[in-house]
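These notes are about the structure you will find just below.
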Amino acid sequence: MEPLSTTQARSTSVFSLVVIVSSLGYFVDIYDLLLFTIIRIRSLSDLGIVGDAQQTVGLSLLNFQMIGLLVGGILWGMLGDKKGRISVLFGSILLYSLGNIGNGLIQGPHVIFWYKFFRLIVGLGLAGELGAGVTLVSELLPADKRGYGTTIVASVGILGAVAAYFVAQLIPSWRVCYFVGGGLGLLLLILRVGVLESGMYKAIQHQPISKGNYLAFFTNTNRFLRYLTVILLGLPAWYVVGILIAFSDGFAKTLQIQGTPDPGKAVMISYTILTLGGLACGYLSQLLKSRKKALYVFYLICFLAVVAYFRAYRVSLGTFYVICGLLGLGVGFWSVFVTVAAEQFGTNLRATAAITAPNYARGALPLITLLYHFLENRVFHSNVGGAFWTGVICIGIAFLSALWLKETYGKDLNFVEKV
C-alpha cells in the first residue's frame with residue numbers, strides 16, 4: 001500500500017448532500033429487495049401462477065435477482081474505481097428504477113420471461129448503490145466524522161424495508177408498488193446532480209495506477225485475506241434475515257408460539273429496530289474509537305437474541321415479535337461492516353471492495369441455507385436445532401474474522417494498493 005502525495009479529503013458535514021443522496025439511494029435499494037419478497041405471491045397469483053408452480057417460479061425469480069446482484073457487484077465495483085464513484089451512483093439508480101417500472105409493466109404470453117428479465121436488471125442496479133455511497137461518503141468526510149456519515153447511510157437506508165411493508169399494505173396493486181419504487185429512484189437522480197466526486201479519487205483518476213482490477217484481490221495473500229475477512233463479517237446478517245425472520249412462521253409452529261406470525265410483519269419490525277441498531281453500532285464505534293470493539297458488542301447481542309429466539313417456547317405472539325426486534329438490533333453491526341469494507345482498501349480498489357463485499361454477504365444466503373438444511377436433516381432432525389447451530393457457526397466465523405481484522409477507525413484513506 002502506498003500513500004498518495006496529497007490529502008484530498010473534504011471537511012464536509014455528516015448531513016451533506018452526498019450523505020442524504022446515498023441514504024435515500026440505499027432506502028430505495030432495500031425497499032425493492034423487500035418489496036419483491038412481500039408481493040411475490042400476490043403478483044404471481046395475478047399472473048396466473050398458482051399451486052406448487054408459485055414456489056418454483058418464485059425461486060427462479062429470486063435466483064435471477066441474485067445473479068444480477070453478484071454480477072452487478074463486480075461490474076459496478078470495477079466501474080467505480082475506473083470511472084468514478086458518481087458514475088456508479090447515477091448508473092445503478094437509473095438501472096434499478098427502470099427495472100422496477102419494467103416489472104410493473106410486464107404483460108403478454110411471455111410474462112414470466114419478462115418478470116425474470118427485469119428482476120435480473122433490478123439486481124444489477126441494486127448491486128452498486130450501497131457500496132458506491134459508502135465509498136464516496138468515506139472519502140469526502142474527515143476521519144473523525146467518517147463513521148457517522150456511513151452509519152447514517154446504512155441505517156437510514158434500512159427503513160426502505162419498513163416503507164415496502166406499508167406500501168404493500170396500503171396499495172392493492174402490486175404493479176403500482178413497483179412503480180412507486182421506480183418513481184422514487186428517478187426522483188433521486190435529480191438530487192444526484194449536485195453531488196461532487198471524491199477528491200481522493202480525482203487525485204488518481206488520470207495517474208498510471210491500476211484501478212478497479214478485480215483480480216488484484218486474488219494475486220496477493222494479504223489482500224485476499226483482508227477481502228475474504230471483510231465478506232465473512234456480514235454472514236450473521238443474512239442468516240438472521242434470510243432464515244430466522246423470513247421463515248418465522250415455520251419456526252413459530254415448532255416453538256408452539258401462541259399465534260401465527262406474519263413474516264412480512266416480522267420483517268418490518270426487525271428492520272425498524274435494525275435501523276436503531278445500526279445507528280447505535282455506528283455511534284458506539286465512534287465513541288470507543290474502534291470498529292472492532294463495536295462489532296464484538298453487536299455480535300454478542302445478535303447471539304443472545306438468537307438464543308432468546310430458540311428458547312421462546314409457547315410465548316405470546318407479541319413476545320415473539322419483540323424477539324424479532326431484538327434480532328434486528330443485533331444485526332445493527334451492518335452499518336459498521338460496510339464502513340470497514342471501504343476502510344480496508346486503497347483508493348484504487350476501494351469501490352470494488354465496498355460494492356462487492358455486501359453483495360457477497362447477501363449472496364452467501366444460499367450457502368447458509370444449505371448448511372441449515374444439512375444440519376436440520378442429517379444431524380439434528382429438527383428445524384430448531386439445525387437453525388440454531390447454523391447461527392452459532394455464522395456468528396462464530398464473523399467474530400473470529402473481526403479478531404483477525406486490523407483496526408481502521410481514524411485511518412487515513414488517502415493511499416493506494418500496490419498492484
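The values are calculated or read from the model by the stated rules, or taken from the named source; none is laboratory data. It should be emphasised that the depicted structure is a prediction, and the values quoted were computed from it without experimental measurement. No Cβ is skipped: glycine too gets one built from the backbone with ideal geometry, and neighbour counts run over all protein chains shown. Surface accessibility is based on the protein's heavy atoms, side chains included, excluding ligands, DNA and RNA. Shrake-Rupley method; radii C 1.70, N 1.55, O 1.52, S 1.80 Å.
Values as computed for the structure displayed
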read-out: Checklist (1) in contact with a Phe, Trp or Tyr (Cβ under 9 Å, 6 or more places away or on another chain); (2) closer than 24 Å to V392 by Cβ; (3) open to solvent by less than 40 Å² (accessible area, probe 1.4 Å); (4) not β-branched (V, I, T) applied to L300, failing item; value: (3)
read-out: Within region 219-251, considering residues that are in contact with a Pro (Cβ under 8 Å, 6 or more places away or on another chain) and at pLDDT below 95, the one farthest from G346 (Cα to Cα); value: D249
read-out: Residue in region 375-391 that is of a type in the set (D, E, K, R) and either touching a strand residue (DSSP E or B) at 6+ places or on another chain (Cβ under 8 Å) or under 30 Å from R146 (Cα atoms) (or both) present; value: no
read-out: Number of the condition not met by I67 [criteria: (1) open to solvent by 60 Å² or more (accessible area, probe 1.4 Å); (2) not in a helix (DSSP H, G or I)]; value: (2)
read-out: Residue, modelled with the lowest pLDDT, within region 155-186, restricted to residues that are closer than 30 Å to N348 by Cα and open to solvent by 30 Å² or more (accessible area, probe 1.4 Å); value: V156
read-out: Sole exception among (1) in contact (Cβ under 8 Å) with a residue 12 or more places away in the chain; (2) out of contact with any Ser or Thr (no Cβ under 9 Å at 6 or more places or on another chain); (3) part of a helix (DSSP H, G or I) for T319, by number; value: (1)
read-out: Residues located in region 230-258, provided they are assigned to a helix (DSSP H, G or I), surrounded by fewer than 20 Cβ atoms within 10 Å (Cβ to Cβ) and of a type outside the set (G, A, S); value: D249, K253, T254
read-out: Identity of the residue in region 366-419, β-branched (V, I, T), open to solvent by less than 30 Å² (accessible area, probe 1.4 Å) and under 27 Å from L59 (Cα atoms), that ends up farthest from the chain's Cα centre (by Cα); value: V384
read-out: In region 110-137, residue farthest from L44 (Cα to Cα) [restricted to those that are of a type in the set (D, E, K, R) and open to solvent by less than 20 Å² (accessible area, probe 1.4 Å)]; value: E129
read-out: Where G346 falls short, out of the listed (1) over 20 Å from the mean Cα position of the chain (by Cα); (2) surrounded by fewer than 24 Cβ atoms within 10 Å (Cβ to Cβ); value: (2)
read-out: Residue check, A305 part of a helix (DSSP H, G or I), touching a Ser or Thr at 6+ places or on another chain (Cβ under 7 Å) and at pLDDT 95 or above; value: no
read-out: All helices (runs of 4 or more DSSP H) inside region 126-211 with 1 or more residues being among the hydrophobic types (A, V, I, L, M, F, W, C) and in contact with a strand residue (DSSP E or B) (Cβ under 9 Å, 6 or more places away or on another chain); value: 199-205
read-out: Sole exception among (1) of a type in the set (V, I, T); (2) assigned to a helix (DSSP H, G or I); (3) modelled with pLDDT under 85 for T6, by number; value: (2)
read-out: Where I67 falls short, out of the listed (1) at pLDDT 85 or above; (2) of a type in the set (A, V, I, L, M); (3) farther than 25 Å from L186 by Cα; value: (3)
read-out: The lone exception for G212 - which of (1) at positive phi; (2) open to solvent by 10 Å² or more (accessible area, probe 1.4 Å) it fails; value: (2)
read-out: Some residue of region 319-326 being out of contact with any helix residue (DSSP H, G or I) (no Cβ under 9 Å at 6 or more places or on another chain) and open to solvent by 10 Å² or more (accessible area, probe 1.4 Å); value: yes
